[in-house]
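Notes follow the structure.
Where a number appears in this text, it was derived from the coordinates with a stated rule and is not lab data. Predicted model, so just to flag it, every value in this text is computed and none were measured. Glycine gets a Cβ as well: all are built from the backbone with ideal geometry, and neighbour counts include every protein chain shown.
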């Protein structure tokens, strides 16, 4: 193949500023992969100037202030470095891979179904009838039966409670959390068992969590979860509606664990004069990482591997007679993504980190 003549290369003819402006008009990470495949000079230019990061922040501007988690804290990174020995060049390549991975993998729209499964409640009054699992239901009644979680009763109104869940993905950009206190429509005067305030924590487990019904009913996780984010306290109204608590900034939750802290009790139960907190529904809004993309937390320090599970996507497609447009779009770029992500950043069936010809 004849080498490209630099006199015909617009990166050389137009200079870096104009070339960056042109490349920043691309709106798809796969287009940047193609640009990297043109020649070694294009490959290096795109990486050195952080074009993939700029595209990612253009696609997801709300995550701008979360970029430091990726870059400074080294929360996400390849499992192996190779190629150029320059530490700065390796950092640039790493950022290029990570931002391209996230740009392709994050949900393009805010979803309201980011909550997956309950892990545990700090206490439960009548298990399983008043289990934390009921908080996944969108209403306070299921088949004419009350659906809610209830804490145990306490004499002290300051005793807090916690509800702990997994998210739908190991990486999720969380923007808002909604909590609905339960109104006991079967008790006199229809009392509402809200907490005085709520607070939210996000993090990842030190080791794979083992779930069982005993822990689901009542368990404090203590040191088993490493919390990387704690929100401010939000006052909760003693009203029967889904109350929205927008986080000061979107939070990049790596590890997929969310905890709702219910601080302070308001309502006594007439029959025993004890304070309770009851919740009928919890909802999490955000942008989860979509299949077949995934994040694997490797150790308690928080280092992670970026995974693209090709088998997951293939198995998914084989069980569906009519594939969605989004799934087809992802599958169409499989080879391109493998080129971009390289063998240091992902775990997949076929990987390559070769630079394009000059």
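Structure notes:
- Panel order for 196, 53, by other beta carbons found within 10 Å of each beta carbon, from fewest to most: 196, 53.
- Each Cα pair under 8 Å and six or more residues apart adds its separation to the average, and for region 115-288 the resulting relative contact order is 38 percent.
- Gyration tensor (alpha-carbon) shape descriptor, region 160-295, a/c threshold 1.5: prolate
- Working from label points 7 Å from Cα in the Cα-to-Cβ sense, the residue 227 to residue 112 distance is 2.8 nm.
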